[in-house]
Amino acid sequence: MSNIILGIESSCDDTSAAVIKDGILLSNVIASQSVHEAFGGVVPELASRAHQQNIVPVVSEAIKRAGIQKSDLSAIAFTAGPGLIGSLLVGTSFAKGLSTALNIPMVCVNHLHGHVLAHFIREDETTEVPEFPYMCLLISGGNSQIILVEDYNKMSILGQTIDDAAGEAFDKCAKVMGLPYPGGPHIDRLAQEGNPERFKFSKPHIPGLDYSFSGLKTSFLYTLRDELKKDPDFIEKNKADLAASLQKTIIDILIDKLAKAVKEHPEIKQIAIGGGVSANSGVRNAVAEFCERRGLKAFIPKRAFTTDNAAMVAIAGLFKFKDKEFADLNIAPFARVEV
Ligand code: KG4
């Protein structure tokens with residue numbers, strides 16, 4: 001009998017639903033919330049309200065596009081955390097209601113596991129997936145972690161940020177430049193036209209495999225402050241070089257610790273990246289080159305699977321479903337959790 005999983009993701013500002021049949025993706029629908037753009041960041045209360053409006057049409061569309069009926073579903077996988085509690089409550093409550101109505105099990109998914117396991121989403125039988133153990137560089141708006149993945153449900157953090165996440169560094173520096181939220185994709189676009197060697201920003205000296213991005217943010221801010229005193233049009237005149245230099249510094253920081261992690265774990269032959277920042281063109285190229293130089297295999301996800309999406313929730317849910325790790329109706333969403 002086929003395993004057909006409906007995945008639901010509502011941890012931040014994207015409402016998403018996806019259907020996976022025996023590991024093959026049938027549909028992945030994402031409704032992003034533009035309401036936050038005017039505020040320069042996600043407003044939790046507005047996010048919850050938008051999820052409430054989106055969840056029914058998004059789930060219906062995912063089921064329709066998959067060409068199945070609700071009654072065909074084997075289980076519902078939903079993100080239980082980490083994330084914004086009000087946003088998570090919408091997906092969690094919806095999953096509880098639908099699983100009760102259909103009398104099928106629920107599986108709760110750690111959002112971070114979803115990003116790490118996104119590489120197992122197969123669009124057809126030919127998709128290549130990682131082999132265990134592999135290392136995953138998880139870089140998003142809320143996390144920057146190097147994770148050792150030993151099995152679908154066995155992962156450990158080797159290093160992580162002690163302050164800002166890589167995505168926050170992109171977004172906060174972009175904000176200082178007057179770019180819209182989220183700034184990461186704008187920096188990526190501008191960087192393609194700029195000189196990455198033009199400006200130098202400070203890099204952290206943190207022992208071990210942990211990251212830090214707050215010093216870079218301050219150094220970027222001070223450079224702009226000093227230069228703007230001399231020329232009020234400094235940002236406008238130099239935006240491509242600023243973006244390229246900022247992006248290069250973030251990539252150097254990420255790759256530096258990844259190299260250290262690989263050195264400490266010679267058994268690792270495969271490197272995967274995941275999370276919103278893994279959509280960045282510079283990051284993707286740098287990781288691919290890094291792996292090629294060292295004879296490692298790189299897993300670079302399709303851009304659609306880098307930012308928040310329910311396909312990754314459905315696939316992570318499938319592995320828990322197979323292990324019969326079901327959630328009961330008492331399950332409550334959680335704002336914070338590690339992998
Ligand atoms: O994984 P994600 O969608 O949300 C969570 O944080 O869970 O990641 C969002 C982050 C934002 O900081 C956004 O600016 C960043 O991913 N991002 C990018 C790019 N696309 C998204 N950063 C740099 N370059 C991009 N192309």
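The number of residues in region 116-126 that are open to solvent by less than 20 Å² (accessible area, probe 1.4 Å) and either without any contact (Cβ under 8 Å) to a residue 60 or more places away in the chain or within 16 Å of residue 338 (Cβ to Cβ) (or both) comes to 2.
When residue 287 is tested against (1) open to solvent by 40 Å² or more (accessible area, probe 1.4 Å); (2) assigned by TED's automatic domain parsing to the domain that holds residue 271, just one condition goes unmet, and that condition is (1).
Residue by residue, here is whether (1) near the ligand (Cβ under 10 Å from one of its atoms); (2) in the same structural domain as residue 84 (by TED's automatic domain parsing) holds:
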position: 112; (1), (2): yes, yes
position: 145; (1), (2): no, no
position: 152; (1), (2): no, no
position: 157; (1), (2): no, no
position: 161; (1), (2): no, no
position: 168; (1), (2): yes, no
position: 173; (1), (2): no, no
position: 180; (1), (2): no, no
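Taking residue 87, is it outside any strand (DSSP E or B) and within 27 Å of residue 46 (Cβ to Cβ)? Can you show your working first?
On the way: outside any strand (DSSP E or B): yes; within 27 Å of residue 46 (Cβ to Cβ): yes.
Yes; evaluated as a whole, the condition is true for this residue.
Report yes if residue 244 is under 21 Å from residue 140 (Cα atoms) and of a type in the set (Gly, Ala, Ser), otherwise no. Yes: the conditions hold for residue 244.
Would a scan of region 64-80 turn up a residue that is closer than 18 Å to residue 307 by Cα and not small (Gly, Ala, Ser)? Within region 64-80 (the criterion being closer than 18 Å to residue 307 by Cα and not small (Gly, Ala, Ser)), the answer is yes, since at least one residue qualifies. Looking at (1) touching a Cys at 6+ places or on another chain (Cβ under 8 Å); (2) away from the ligand (no atom under 15 Å from the Cβ), can you tell me which one residue 274 breaks? Failed condition: (2).
Looking at region 33-65, which of its residues are in a helix (DSSP H, G or I), in contact (Cβ under 8 Å) with a residue 60 or more places away in the chain and either of a type in the set (Gly, Ala, Ser) or under 29 Å from residue 21 (Cα atoms) (or both)?
Correct list: 62 only.
Here the condition is being open to solvent by 20 Å² or more (accessible area, probe 1.4 Å) and either assigned to a strand (DSSP E or B) or among the basic types (Lys, Arg) (or both); of 20, 30, it holds for 30 alone. Inspect all residues belonging to region 323-335 and state whether any of them is among the basic types (Lys, Arg), buried (at least 16 other Cβ atoms within 10 Å of the Cβ) and out of contact with any His (no Cβ under 9 Å at 6 or more places or on another chain). No; the residues of region 323-335 include none that is among the basic types (Lys, Arg), buried (at least 16 other Cβ atoms within 10 Å of the Cβ) and out of contact with any His (no Cβ under 9 Å at 6 or more places or on another chain). Pairing residues of region 97-115 that are farther than 25 Å from residue 144 by Cα and at pLDDT 95 or above with residues that are among the small types (Gly, Ala, Ser) and part of a loop (DSSP other than H, G, I, E, B), at Cβ distances under 7 Å and at least 6 apart in sequence or on separate chains, gives 104/74.
Every condition in (1) within 17 Å of the chain's Cα centre (by Cα); (2) of a type in the set (Val, Ile, Thr); (3) surrounded by fewer than 17 Cβ atoms within 10 Å (Cβ to Cβ) is met by residue 79 except one, and the failing one is (3). Mind checking which pairs have a first residue in region 272-289 that is over 23 Å from residue 132 (Cα atoms) and of a type in the set (Ser, Thr, Tyr) and a second that is open to solvent by 10 Å² or more (accessible area, probe 1.4 Å) and more than 7 Å from the ligand (Cβ to nearest atom), Cβ under 7 Å, 6 or more apart or different chains? Listed by first residue and then by second, the contacts come to 281/192. Considering only residues in region 287-314 that are of a type in the set (Val, Ile, Thr) and under 15 Å from the mean Cα position of the chain (by Cα), the one that is farthest from residue 108 (Cα to Cα) turns out to be 300.
Per-residue answers, yes or no, for (1) open to solvent by 20 Å² or more (accessible area, probe 1.4 Å); (2) among the basic types (Lys, Arg):
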position: 210; (1), (2): yes, no
position: 213; (1), (2): no, no
position: 235; (1), (2): yes, no
position: 239; (1), (2): yes, yes
position: 248; (1), (2): yes, yes
position: 253; (1), (2): no, no
position: 264; (1), (2): yes, no
position: 275; (1), (2): no, no
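Among the residues of region 307-338, those identified as within 16 Å of the ligand (Cβ to nearest atom) and in a helix (DSSP H, G or I) are 310, 311, 312, 313, 315, 316. Return a yes/no flag: does region 209-220 have any residue that is among the basic types (Lys, Arg) and closer than 17 Å to residue 235 by Cβ. Checked region 209-220: at least one residue is among the basic types (Lys, Arg) and closer than 17 Å to residue 235 by Cβ.
Only one of the numbered conditions (1) hydroxyl-bearing (Ser, Thr, Tyr); (2) loosely packed, with under 13 Cβ neighbours inside 10 Å; (3) under 30 Å from residue 297 (Cα atoms) is violated by residue 222, and that is (3).
The values are calculated or read from the model by the stated rules, or taken from the named source; none is laboratory data. If you're wondering where the values come from, they're calculated on a predicted model, not measured in any experiment. Neighbour counts are summed over all protein chains in view; Cβ atoms, including those assigned to glycine, are modelled from backbone coordinates with ideal geometry. All accessible areas refer to the heavy atoms of the entire protein, side chains included, with ligands and DNA or RNA removed. Shrake-Rupley method; radii C 1.70, N 1.55, O 1.52, S 1.80 Å.
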